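For reference, the structure is listed below as structure tokens.
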Amino acid sequence: MSTEPEPGPAPQDTRPRYTRSDPILLTVDGERFRIRRRDEQPGTYDFDWLSGPHDYGFGISRADGPATTLPEMRETIRTFLAEIDPVTGYSKE
């Protein structure tokens with residue numbers, strides 16, 4: 001039996017917990033994202049690419065802990081989208 005992790009959702013007890021506030025929904029350059037702030041990690045956000053071709057997204061974290069502004073979120077999304085291969089829908093790296 002392999003000890004390598006298998007793809008799929010993380011077990012419930014290891015998934016991040018999110019704040020009780022509503023997620024932020026942003027459309028940037030025609031692409032839709034849901035942004036959620038992690039409850040136990042100030043300054044940490046998860047971005048879910050809702051209109052992308054795959055169940056895909058990314059996270060960011062600020063070492064100084066303050067909230068990320070909407071303009072910063074939009075710029076972060078644009079940087080993410082610039083790294084996506086339009087043929088595969090995944091990161092170019």
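The values are calculated or read from the model by the stated rules, or taken from the named source; none is laboratory data. Computed from a prediction, not measured in an experiment: that's the story for all the values here. Neighbour counts run over all protein chains shown; Cβ positions are idealised from the backbone, glycine included. Just the protein is used for accessible areas: all its heavy atoms, side chains included, with ligands, DNA and RNA removed. Shrake-Rupley method; radii C 1.70, N 1.55, O 1.52, S 1.80 Å.
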For residues that are touching a strand residue (DSSP E or B) at 6+ places or on another chain (Cβ under 7 Å) and more than 22 Å from V87 (Cβ to Cβ), scanning just the stretch 25-40, find the one that is most open to solvent (accessible area, probe 1.4 Å). L25
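Hey, can you tell me all the residues within the stretch 23-40 that are in contact with a Lys or Arg (Cβ under 9 Å, 6 or more places away or on another chain) and outside any strand (DSSP E or B)?
Within the stretch 23-40, P23, D29, D39, E40 qualify.
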I'd like to verify a number: residues in the stretch 57-93 that are open to solvent by 80 Å² or more (accessible area, probe 1.4 Å), more than 15 Å from E31 (Cβ to Cβ) and either in a loop (DSSP other than H, G, I, E, B) or small (G, A, S) (or both), how many? 6
What pairs come up if the first residue lies in the stretch 23-51 and is hydroxyl-bearing (S, T, Y), the second is open to solvent by 80 Å² or more (accessible area, probe 1.4 Å), and their beta carbons are under 6 Å apart, counting only those six or more places apart or on different chains? T44/S61; Y45/R37; S51/R32
